[in-house]
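Working notes, beginning with the structure itself.
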Amino acid sequence: MMKKIKNPWADKEGYNCFGCAPDNPIGLHMQFYEDGDDVVGVWQPSTHYQGWIDILHGGIIATLVDETGAWVITRKLQTTAMTVRLNMQYRRPIMTTDKEVMVRARIAQQMRNFVTVNVEVLDSDGKTCAHGDATYCTFDHNHARQMGFTGCDLE
């Protein structure tokens, strides 16, 4: 059963993330859920983010992958991180007219403070449209606290 993840940045002054800030007027407004070992991002596409007519821009798909991967670090490892590598594979187009996109991610490998997250992007029919491997350099808990991170809980 999926449980909604509470956005730990929601009350932080200056928070305006393109991927997940609910009040960013041009942002994606992603929401995240925990489903066992996975973090699941949910997003509603629109024509504002198209590349070709009615087709979602590949850069937006990469953003969905990177953002969801970062939320895996935030929720599962209870810290913050910086993206150091993003490898994308695009398999089929995602339509901007689709009602919802689901992004499912989990930790694949952890070596010291480098964590690789496998991420899959699914259209509303459940078909895999893209896959990404995102590697992050995680920050120690003191550095994360200095950035204003105090933890990531479930609602």
The stretch 1-25: number of residues that are hydrophobic (A, V, I, L, M, F, W, C) and either part of a strand (DSSP E or B) or within 17 Å of A62 (Cβ to Cβ) (or both): 4
Which numbered condition in (1) aliphatic (A, V, I, L, M); (2) closer than 22 Å to K127 by Cα; (3) in a strand (DSSP E or B) is the only one that V84 fails? (2)
Any residue that is of a type in the set (S, T, N, Q), in a helix (DSSP H, G or I), out of contact with any Ser or Thr (no Cβ under 6 Å at 6 or more places or on another chain) and under 17 Å from L122 (Cα atoms) - is there at least one of those in the stretch 46-67? yes
Of everything in the stretch 126-155, what is of a type in the set (A, V, I, L, M) and outside any helix (DSSP H, G or I)? Give them in sequence order. A130, A134, M147, L154
Condition check: in contact (Cβ under 8 Å) with a residue 24 or more places away in the chain, of a type in the set (D, E, K, R) and either touching a helix residue (DSSP H, G or I) at 6+ places or on another chain (Cβ under 9 Å) or assigned to a strand (DSSP E or B) (or both). Does R75 satisfy that? no
Which residues, taken from the stretch 99-125, are in a loop (DSSP other than H, G, I, E, B) and surrounded by fewer than 17 Cβ atoms within 10 Å (Cβ to Cβ)? K99, E100, R112, N113, S124, D125
Does Q89 satisfy being in contact (Cβ under 8 Å) with a residue 40 or more places away in the chain and either outside any strand (DSSP E or B) or at positive phi (or both)? no
Count of residues meeting criterion [under 14 Å from the mean Cα position of the chain (by Cα) and surrounded by 19 or more Cβ atoms within 10 Å (Cβ to Cβ)] in the stretch 77-98: 2
What do you reckon, is A144 farther than 17 Å from E34 by Cβ and touching a residue at least 40 places away in the same chain (Cβ under 8 Å)? yes
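We did not get these values from a lab; they are worked out from the coordinates using the rules stated. No experiment lies behind these values; they were computed from the predicted model shown. For neighbour counting, all protein chains shown are included, and Cβ atoms are generated from backbone atoms with ideal geometry for every residue, glycine included.
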